[in-house]
Amino acid sequence: MENVLSYGFMQRALLAGLFIALACAILGVFLVLRRDAMIGHGLAHITFGGVALGLFLEIKPLLMALTVVVLCSLIILKLREKAGMYEDTAIGIFSSAGMAVGIILATLSGKLNVDLFSYLFGSILAIEKFEVGIAITLALTVIIIVATFYQEFLYQTFDTESARTSGIRVGLLDGILAVLTSVTIVIGMKVVGILLVAALIVIPSAAGLQLANSFKQAMVLSSIVSMSSVITGLFVAYYWDLPASGTIILLSFLVFLIFGGIRLIKKTTSIE
Amino acid sequence: MDLSVNKRPPLVSVNNVSFSYGATKVLDRVTFSISAGDFLAIIGPNGSGKTTLLKIILGILQPEKGSVKLLGENIKVFKQWGNIGYVPQKATNIDSFFPVSVREVVAMGLLSQKKFPRFIRKKDEGAIDRALEQVNLKDFKNRRIGELSGGQQQRVFIARAIVNRPLILFLDEPTTGVDAETQEKFYSMLGRLNLAEKITIVIITHDLGIVNKRVNKVACLNQRLVFHGTHDDFCNSSVVQELLRGEYHLVCHRH
């Protein structure tokens, strides 16, 4: 069997994939417990609009998507806070508008082609060196910020109202989480693509939450599920000639089913 | 009407506060104060603005008109959160799926007195243990909160609210969904916190049993402040009796 690890593309894919998976899992636990899981899906759709705008204006698509998605996530947050709009409504509006802009611009620029398809379905095996650097920087930023504000994030996620009466600046935390999620989604699209990046946030976290007894345990379990899905997914995809994105997500879904089954058995046993 | 005879500055001053949800007026020019040492029950019919008033006092909602001072400081610029304990109305409706231990929940209450970065350290364990002892839950420290009964969960939230040794403790209908025996133990614990720990207590309640047994002040809301005074005056107030007929069972004799 040839040693795939000797290939530069595989090394880059593994490195970037692992760090992005880690960032996704950590943020995912907060988002799932805040019942904000769909924000990832919404922001991914907006990413499509951002990428298409970048391709249309011939500005780096990643940079353009990053700007558009961060801006939109903060607008969604303000619409919920200030205008009292339901968050899923705001997400629904902006994600559809993002997709619509993307489709129109891609058609106008004549770039509804391989370029855009690689963004839609991911191209982790074609990831470049500087993108690996971005992925590592992003993951370290997420870890440092979450570690610094860990207690505040936990309190706010568990009981926002009481957190406010303890002097926690919940608005600021919401903003930080929105920006971190946006950046993670945009960078994560390189691994599994726009269509599946939200799953990388939701599924490993939901799997970890099935078996965790404490918050820290939930983060560790989710990170293990996420990272092992990326590693296994990359190898399975390489040897069986399957698309990496779909394989990674399906593997994490499989772990979710197994963990869910274990939880169900534990619950049934404890009732008996 | 403020019958407080305490000469010290009040811990809470509510001054001419009004609030509406859209076109529906919920609070209309409410003025009253809460003194140190009070055990005050805020009562009133459903929709009378009790929870809204508490949220305005705590700065969660902004009043349309009027102002609130907490510990002598305008609530808009209030910083002394370490002196405040709060048990919200939905405390017993927590998500049983949420992976958080009793210890982690109580530790949250310590954050209000910490400066950036707010980390829970080894030396904080003593305060967490003390708070859990006060609510008789020390053995449950490492249990997941979702595994506890409604009454036990409620006590965890009290522990979280008192872990800082606050000057004033606010509780919003804390015994909703809790059985009668647990309620009695719960109120007895509040009485002990008020008398032994000198914590001023403000409780929104539908249970006038507590008014009868524990509190020394009563405020009755019905958009406006209908009554604010001592327990004895409350029992003799015909306005209150008329307003609460049907919703509350009034028993006005001390045991």
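What is the average number of partner chain Cβ atoms found within 10 Å of a Cβ in A:161-173?
Working: counts 9, 14, 3, 6, 14, 16, 12, 5, 0, 0, 0, 0, 0.
The shielding value for this peptide is 6.
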Antiparallel DSSP beta bridges within the protein assembly as shown, as percent of all bridges there, nearest 5: 55 percent
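Using Cα pairs under 8 angstrom and six or more residues apart, how large is the relative contact order of the range A:206-272, in percent? Show your work: numbers first, answer last.
Working: 55 pairs, mean separation 24.1, N = 67.
Relative CO of the range A:206-272 lands at 36 percent.
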Leading residue at positive end of dipole, the range A:71-147 (Cβ point charges), from A:94, A:117, A:138: A:94
Residues with amide H under 5 Å from that of residue B:39, placed H, sequence gap 5 or more: B:201, B:216, B:217
Cα-based reach from residue A:60 at 18 Å (exclusive), listing aspartates and glutamates while leaving out same-chain residues under 8 positions away: A:115, A:128, A:131
Distant-in-sequence amide H partners of residue B:227 (H built 1.01 Å from N, under 5 Å): B:220
Mean Cα-pair separation over length for the range B:9-135, i.e. relative contact order, pairs under 8 Å, 6 or more apart, %: 22 percent
In order through the range A:224-236: 3J(HN,Hα) via Karplus (6.51 cos²θ - 1.76 cosθ + 1.60), integer Hz, x for Gly, Pro: 5, 4, 5, 6, 5, 5, 5, 4, 4, x, 5, 5, 4
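Above 42 angstrom, tally the Cα pairs of the protein assembly as shown and express them as a % of all pairs, no decimals.
Values: 43544 of 138601 pairs.
Value for the protein assembly as shown (Cα pairs over 42 Å): 31 percent.
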Inter-chain Cβ neighbour average for residues A:248-257, partner chain, 10 Å: 0
Three-way shape call for the range A:129-266 based on the alpha-carbon gyration tensor, with the a/c threshold at 1.5: oblate
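With the Cα gyration tensor of chain B in hand, convert its eigenvalues to equivalent ellipsoid semi-axes via √(5λ) and list them largest first in whole Å.
30, 21, 17
Quick one: dipole size for the protein assembly as shown, taken about the Cα centre, charges +1 on Lys/Arg Cβ and -1 on Asp/Glu Cβ, in debye to the nearest 20. Working shown, then result.
Details: 51 positive and 39 negative charges, 279 e Å.
Charge dipole, the protein assembly as shown, about its Cα centre: 1340 debye, nearest 20.
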Mean Cα-pair separation over length for the range B:76-208, i.e. relative contact order, pairs under 8 Å, 6 or more apart, %: 35 percent
Pairs beyond 25 Å (Cα-Cα), from B:79/B:138; B:50/B:76; A:216/B:138; B:55/B:79; A:82/B:55: B:79/B:138
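Given the convex hull over the Cα atoms of the range B:160-210, what projected area results after averaging over all orientations, in nm²?
Working: hull surface 14.0 nm².
If I average the Cα hull's projected area over directions, I get 3.5 nm².
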Average beta-carbon neighbours from other chains, 10 Å sphere, peptide B:55-62: 2
Using alpha-carbon coordinates, inclination of helix B:150-162 to the longest axis of chain B, degrees: 90 degrees
Per-peptide average of other Cβ atoms within 10 Å, ordering B:223-232, B:69-78, A:24-33, A:173-182 highest first: A:24-33, A:173-182, B:223-232, B:69-78
Taking only Cα atoms of chain A, radius of gyration then Dmax in Å: 18.8, 64
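No value in this document is a laboratory result; all are computed from the given coordinates. Predicted model only: the values in this text are computed from it and were never measured. Positions of Cβ are generated from backbone atoms using ideal geometry, with glycine treated the same way; all protein chains shown enter the neighbour counts.
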